[in-house]
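Scroll down for the structure; my scribbles are underneath it.
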Amino acid sequence: MKLRIEKGTEYTETEIIIQCPEVDARLDALISQIRMYDLTIPVKKEGRSYMLSTDSLFYFESVEEKTFAYQKEEIYECPLRLYELEERLTGTSFTRVGKACVLNTAVVDAVRPLLGGRLEALLENGEKIVVSRHYVPAFKKKFGLGGESDV
């Protein structure tokens, strides 16, 4: 793989061009990270509004008709519904893992199978998120697990 960086005052914005014979799983993961680079989500905490970079977010959870955004150690309220977040986060490392949860697969350290076809995802901060059976195939694809024998 070659990496070429061109700097200059003639450039008004950053442009990334990927030239490749095919997009494999590793390149797909890199593209996902690049897409998240400039993407922010509006949140609130203690009466203050913030725009958080998606790469700092671990997951979103819906509880009693409110949506919460979780970082490593902080929790914020998010005005967006989970389906709106899914639309904004298309093409990133985020995926739906349950009726009330959208998870950033980039912060998953390990996965283990549970009874009933579910999975348990261990996050970088030590939290555990259960991946519902219905969402396991999409999670495996996003996380980079191929077949059923991988977990």
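The values are calculated or read from the model by the stated rules, or taken from the named source; none is laboratory data. Remember, it's a predicted structure, so these values are computed and weren't measured experimentally. Every residue, glycine among them, receives a Cβ derived from its backbone with ideal geometry; neighbour counts consider all protein chains shown. Protein only, heavy atoms only, side chains kept; ligands, DNA and RNA dropped before computing areas. Shrake-Rupley method; radii C 1.70, N 1.55, O 1.52, S 1.80 Å.
The table below gives the values:
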{"item": "Computed over the chain, Cα set: Rg, Dmax in Å", "result": "17.1, 58"}
{"item": "Contact order relative to length of the chain, as percent, for alpha carbon pairs under 8 angstrom and 6 or more apart", "result": "15"}
{"item": "Neighbourhood charge, 14 Å Cβ-Cβ cut-off, centred on GLU87 and excluding it, Lys, Arg +1 and Asp, Glu -1", "result": "+2"}
{"item": "Net lengthening on full extension, THR9/LYS45 (0.36 nm per residue, minus Cα-Cα)", "result": "9.1 nm"}
{"item": "Most fluctuating residue given options THR105, THR12, THR95, as computed from a GNM of the chain linking Cα atoms under 10 Å", "result": "THR12"}
{"item": "Positive-end residue, the chain charge dipole about Cα centroid, Cβ charges, pick of GLY144, ILE34, HIS134", "result": "HIS134"}
{"item": "Local electrostatic count at HIS134 - Lys and Arg +1, Asp and Glu -1, tallied over other residues with Cβ under 11 Å", "result": "+4"}
{"item": "The chain - percent of accessible surface contributed by carbon and sulfur, probe 1.4 Å", "result": "49"}
{"item": "Gaussian network model of the chain, springs between alpha carbon atoms under 10 Å - residue of VAL107, VAL131, VAL63 with greatest fluctuation", "result": "VAL63"}
{"item": "Highest-fluctuation residue, ARG88, ARG48, ARG118 considered, GNM on the chain with Cα pairs under 10 Å", "result": "ARG48"}
